[in-house]
1. Angle, helix 88-97 long axis vs. longest principal axis of the chain, Cα atoms, 0 to 90°, nearest 10?
2. Across the stretch 202-207, in residue order, what do the Karplus-derived ³J(HN,Hα) couplings come to in whole Hz, using 6.51 cos²θ - 1.76 cosθ + 1.60 with θ = phi - 60° and x for Gly and Pro?
3. Mind grabbing the base-10 log of I(q)/I(0) for the chain at q = 0.08 Å⁻¹? Debye formula, identical points on the C-alpha positions, no solvent, two decimal places.
4. Where nothing but the Cβ of Lys and Arg (+1) and of Asp and Glu (-1) is charged, how large is the charge dipole of the stretch 3-123 around its Cα centre, in debye to the nearest 20?
5. 5 Å is the cut-off here: which amide hydrogens, built 1.01 Å from N in the peptide plane, fall below it relative to F30, excluding neighbours closer than 5 in sequence?
6. Using 7 Å Cα-to-Cβ label points, what is the K201/A110 separation (nm, one decimal)?
7. Any of K121/K164; K121/K158; K115/K200; K164/K214 with alpha carbons more than 18 Å apart? Name them for me.
8. What list of ³J(HN,Hα) values in whole Hz, one per residue of the stretch 34-51 in order, does the Karplus curve 6.51 cos²θ - 1.76 cosθ + 1.60 (θ = phi - 60°) give from phi, with Gly and Pro shown as x?
Amino acid sequence: MTYKLLLVEDDAEIREIITDYFTQKSGETFYVDSAGTGVEGQDKCMENEYDAVLLDIMLPEVNGFTICRELRKNSDVPIIFITARSSEDDILHGYHLGCDDYIVKPFSLAELYAKVTALIKRAKGTVRNDYMTVGSIKLNPFHYEVLVGNKEVILAPKEYTILKILMENVGRIVSRENLLIRVWGYDFEGNDRVVDNHIKKLRKSLGAASNQIKTIIKRGYRMEGKNEKR
């Protein structure tokens with residue numbers, strides 16, 4: 001089976017890199033259609049059916065937020081924003097408009113490929129349950145949902161991202177530097193104390209499950225609890 005993707009990105013080099021990677025890694029299972037402007041991307045969305053749409057936000061003519069909003073009026077196609085805009089307001093706005101994931105540049109091509117593949121499988125009904133479970137914490141990476149026990153917990157984007165990284169590395173120490181780079185990016189000018197502050201907020205939100213996040217002095221943090229995938 002061939003999956004058809006639409007990549008809306010005004011940077012020609014990024015379009016080429018993503019297209020080549022998906023084509024080569026999938027053995028041509030993925031066909032990547034592309035658009036260099038917002039108008040072109042919007043027109044292609046109206047004229048064709050895709051298995052997933054990858055959207056930049058800062059596009060000529062029509063921005064990615066507008067395309068997402070219009071697309072969600074009549075389509076449930078998986079949408080991933082790929083953008084340099086990393087503010088919490090932008091991330092929350094993207095999810096409010098109905099995106100399935102939000103990736104900040106620079107990003108890992110392998111991670112993008114994995115996310116697209118998982119989203120398409122879910123949309124096609126080949127994945128029955130998307131929850132990652134560690135102890136009493138459940139996280140659904142495709143619905144931006146966190147549960148402690150059976151109660152939903154609302155997290156700010158950066159706390160959510162930190163929790164997801166820790167859960168993906170359960171039992172392993174994740175350094176402050178690692179978290180700083182993955183959550184705030186290489187160009188962040190602050191220090192790693194910002195990580196400690198967000199961990200504090202995360203623990204407060206997790207309530208009784210906060211003790212699953214252990215501080216490893218001078219090294220970083222470790223998530224504890226049995227790791228399950230359902």
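1. 60
2. For the stretch 202-207, the Karplus-derived couplings read 4, 4, 4, 5, 6, x Hz, x marking Gly and Pro.
3. So the normalised log intensities work out to -0.31.
4. The dipole of the stretch 3-123 has a size of about 440 debye.
5. Under 5 Å from the amide H of F30: Y3.
6. 3.0
7. K121/K164; K121/K158; K115/K200
8. Working through the residues one at a time gives 9, 9, x, 9, x, 5, 4, x, 5, 5, 5, 4, 6, 8, 9, 10, 10, 8 Hz.
A short reminder: the numbers here are calculations on the coordinates, not readings from a lab. Please read all numbers here as calculations on a predicted model, not as lab measurements. FYI the Cβ positions are ideal-geometry reconstructions off the backbone, even for glycines, and counts take in every protein chain you see.
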